[in-house]
1. What residues qualify as long-range amide H neighbours of F97, i.e. H under 5 Å apart, gap of 5 or more or another chain, H built at 1.01 Å from N?
2. Using only helices, what value at 222 nm comes out for the chain when you add -39,500 (n - 2.57) per DSSP H run of length 4 or more and divide by the total residues, to the nearest 500 deg cm²/dmol?
3. Could you tell me what fraction of 2.2 N^0.38 Å the Cα radius of gyration of region 76-153 comes to, as a two-decimal ratio?
4. State the antiparallel share, in %, of DSSP beta bridges confined to the chain, rounding to the nearest 5.
5. Find how many whole Å separate the alpha carbon centroid of region 130-156 from the alpha carbon centroid of region 59-121.
6. Ratio of alpha-carbon Rg to the 2.2 N^0.38 Å globular estimate for region 63-110, to two decimals, please.
7. Just grab the label-to-label distance for A144 and R71, each label 7 Å out from Cα along the Cβ direction, in nm (one decimal).
8. With a sphere of radius 12 Å drawn around the Cβ of A108, what net charge do the other residues whose Cβ falls strictly inside it have (Lys, Arg +1; Asp, Glu -1)?
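Read-outs: derived from the displayed coordinates by stated rules, not from any lab. Just so it is clear, the structure is predicted and the values come from calculations on it, not from any experiment. Cβ sites come from the backbone with ideal geometry, for glycine too, and all protein chains shown count toward neighbours.
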Amino acid sequence: MLIYDGDRAERDYVSRCTAHEQPYLWALRQAPSARNWNDRSAQEIFESMPSLHGETFGFVVDDLLALPTERPVVVDDFRTLPREVAPLMTWPEQAAFLLPTPQFRDRALRARFADAARARANWGDSDHSQALALRLARDELWDAEVRRQAIELHLPVMTVDGSRAVHDLVDDLAARFRLGRPRKPGGQRGGGER
């Protein structure tokens, strides 16, 4: 299968946006990194997210339509909202929204931004601990919105807390997406059908 990595793809969204079509993304692009996190509340940062206003999903769709069609594609994208995905689905098992617990996200982001260069690339020369706290609070608001929309649209939400092995989660998603089981070494299928 193909994996569409929304984090990698996002870099290209920025170069493709216009002030008229994606005003929130355009504003984000024009502002220095520190401005995006300093002197604003988590609520203000959340409300200025381009994806909340549907500005990035068109890029995702365009990118997916450009991919080869002979293999299934799994989309891994933080920015995709249930209300955008639902109209494109043929059956309910085509989507699942994985939401981390606040504790799991806190551990993951603290580990990621322990690298000072990475933190500076995201937050400029601002107070990185304050920026991280705002990021965590903003992400909690985002998760609540994703959960609300998914429940309203009867789409599955899976809570991720780090207690399950990754391969177990992958197996659950493969079954949900009707992908069957991966082949065992030697070419034999592990059970189930594609």
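1. So F97 has HN proximity to V157, M158.
2. Values: 10 runs with 98 residues, N = 194.
Value at 222 nm, helices only, nearest 500: -14500 deg cm²/dmol.
3. Numbers: Rg = 15.3 Å, N = 78, 2.2 N^0.38 = 11.5 Å.
The value comes to 1.32.
4. Details: 1 of 9 bridges.
Approximately 10 percent, going by the DSSP bridge assignments.
5. If we compute the Cα centre of each part, the gap is 13 Å.
6. Numbers: Rg = 14.0 Å, N = 48, 2.2 N^0.38 = 9.6 Å.
Output field value: 1.46.
7. Going by the 7 Å Cα→Cβ label model, 4.0 nm.
8. Within the 12 Å Cβ shell, the charges total +2.
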